[in-house]
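The structure appears right after this line, and notes come after that.
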Amino acid sequence: MKSQTDYVWFEVPSRRGFVNITDTVEGLVKKSGVQEGLCLVNAMHITSAVFINDNEDGLLHDFDHWLEKLAPHEPVSQYHHNRTGEDNADAHLKRQVMGREVVVAITKGKLDFGPWEQIFYGEFDGRRRKRALVKIIGE
Amino acid sequence: MKSQTDYVWFEVPSRRGFVNITDTVEGLVKKSGVQEGLCLVNAMHITSAVFINDNEDGLLHDFDHWLEKLAPHEPVSQYHHNRTGEDNADAHLKRQVMGREVVVAITKGKLDFGPWEQIFYGEFDGRRRKRALVKIIGE
Amino acid sequence: MKSQTDYVWFEVPSRRGFVNITDTVEGLVKKSGVQEGLCLVNAMHITSAVFINDNEDGLLHDFDHWLEKLAPHEPVSQYHHNRTGEDNADAHLKRQVMGREVVVAITKGKLDFGPWEQIFYGEFDGRRRKRALVKIIGE
């Protein structure tokens with residue numbers, strides 16, 4: 001069994017944003033030489049998400065708007081977590097909806113994707129350096 | 001390490017619906033001969049989900065009703081994504097709540113399930129052929 | 001390839017509650033001797049969740065309050081599932097938001113975690129014995 005571990009860094013300049021990391025992950029799969037296996041991609045921070053959906057700007061706008069309805073940032077005083085001095089309780093909630101991680105099959109040396117699947121890093125409390133982990137195992 | 005890759009096809013005749021795929025996945029685990037390992041089951045489309053919950057018709061009705069409240073289909077004009085000519089933005093959102101994938105342990109040659117766990121394919125934009133992937137790795 | 005399977009039992013004394021299981025899972029990783037691999041942790045019941053977020057009491061309160069808004073327990077008659085004699089339909093819904101499972105990378109013999117990641121068992125229909133599964137594969 002082969003394994004490979006990489007950390008991918010982000011610094012999203014606004015509070016919230018989405019970064020398409022499909023090519024980065026595909027490159028790491030190629031580097032690993034794994035032909036058949038699994039690729040785990042997860043946010044290492046609890047106010048960020050990794051998810052798979054469509055690379056379409058209108059949809060990314062819809063996600064942002066929808067998450068803000070489900071778990072609004074303001075008023076920040078509505079969340080007990082923010083009594084600790086933070087203002088990011090909503091980010092912890094939003095990330096649960098979108099998910100911490102994805103696990104993708106590797107088949108014949110490539111991410112085994114349907115026609116529109118793309119991997120995104122979802123930031124809900126940005127403006128600082130944060131990481132995702134890409135762990136590949138297989139043969 | 002053994003690995004096995006299968007694609008399971010669906011054509012749900014309505015916009016939304018749930019299909020119990022537990023027996024299909026269990027059959028693929030048996031075919032693989034893997035005794036100890038992991039089984040990934042994921043939708044290959046970004047308007048579908050794979051999730052584990054209860055095989056009870058009332059609950060499946062509740063899921064549908066609840067998702068329609070969290071991310072309503074209409075008015076379709078509320079979503080920027082639908083300006084592309086699509087009408088399925090809500091399906092992209094619903095699938096995030098339910099999840100793209102499940103990873104199930106294989107123990108002694110079987111899906112290692114609690115008493116009520118069943119695997120479902122959740123369709124939110126049906127009436128066409130779509131796929132799920134079943135990837136098994138282990139020994 | 002090594003593999004290890006363990007079942008962790010819970011009996012949360014109230015209907016809902018969160019249990020930090022990070023040390024338990026870390027101990028099982030150590031016991032396995034796996035240096036590089038994957039660790040799956042999943043609820044074996046369909047009214048419970050396993051998720052990764054912050055070990056901060058205010059946030060756990062916020063999760064509980066927020067989930068109760070997204071999928072209220074009462075009136076129990078609002079859910080078709082409860083016509084079966086159950087009163088836990090909301091628990092099935094809440095668990096979809098929080099997630100059934102997490103997959104964590106094992107690197108150099110440890111859970112490969114960011115600075116604040118902690119694993120929780122989330123109970124939404126407690127007051128009885130329930131299990132989570134910890135499956136480790138790797139080398």
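The values are calculated or read from the model by the stated rules, or taken from the named source; none is laboratory data. Computed from a prediction, not measured in an experiment: that's the story for all the values here. Note that we place each Cβ from the backbone using ideal geometry, even for glycine, and neighbour counts take in every protein chain shown. Quick note on the areas: whole protein, heavy atoms, side chains included, nothing else; ligands and nucleic acids left out. Shrake-Rupley method; radii C 1.70, N 1.55, O 1.52, S 1.80 Å.
Touching a Ser or Thr at 6+ places or on another chain (Cβ under 7 Å), closer than 23 Å to A:Met98 by Cα and in a strand (DSSP E or B) - does that describe any residue in segment C:83-91?
No, there is no match, as no residue in segment C:83-91 is touching a Ser or Thr at 6+ places or on another chain (Cβ under 7 Å), closer than 23 Å to A:Met98 by Cα and in a strand (DSSP E or B).
Taking only segment A:1-34 into account, find how many residues are open to solvent by less than 30 Å² (accessible area, probe 1.4 Å), over 22 Å from B:Gly37 (Cβ atoms) and among the aliphatic types (A, V, I, L, M).
The total comes to 5.
Given (1) among the acidic types (Asp, Glu); (2) out of contact with any Asp or Glu (no Cβ under 8 Å at 6 or more places or on another chain); (3) closer than 30 Å to B:Gly138 by Cα, identify the lone condition not met by C:Glu36.
Exception for C:Glu36: condition (2).
Taking the condition of being within 22 Å of C:Leu40 (Cβ to Cβ) and out of contact with any helix residue (DSSP H, G or I) (no Cβ under 7 Å at 6 or more places or on another chain), how many residues in segment B:1-19 meet it?
3
Residues are listed down the side, and each one gets a yes or a no for (1) polar (S, T, N, Q); (2) in contact (Cβ under 8 Å) with a residue 40 or more places away in the chain; (3) at negative phi:
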| position | (1), (2), (3) |
| --- | --- |
| C:Glu11 | no, yes, yes |
| C:Ser32 | yes, yes, yes |
| C:Gln35 | yes, yes, yes |
| C:Leu38 | no, yes, yes |
| C:His45 | no, yes, yes |
| C:Glu56 | no, no, yes |
| C:Leu59 | no, no, yes |
| C:Lys69 | no, no, yes |
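Only residues that are of a type in the set (A, V, I, L, M, F, W, C) and either open to solvent by 20 Å² or more (accessible area, probe 1.4 Å) or more than 8 Å from every other protein chain (Cβ to nearest Cβ) (or both): list them for segment B:80-92, please.
Within segment B:80-92, just B:Ala91 meets the criteria.
Can you tell me which residue is most open to solvent (accessible area, probe 1.4 Å) among those in segment A:66-79 that are closer than 26 Å to B:Val50 by Cβ and not charged (D, E, K, R)?
A:Leu70
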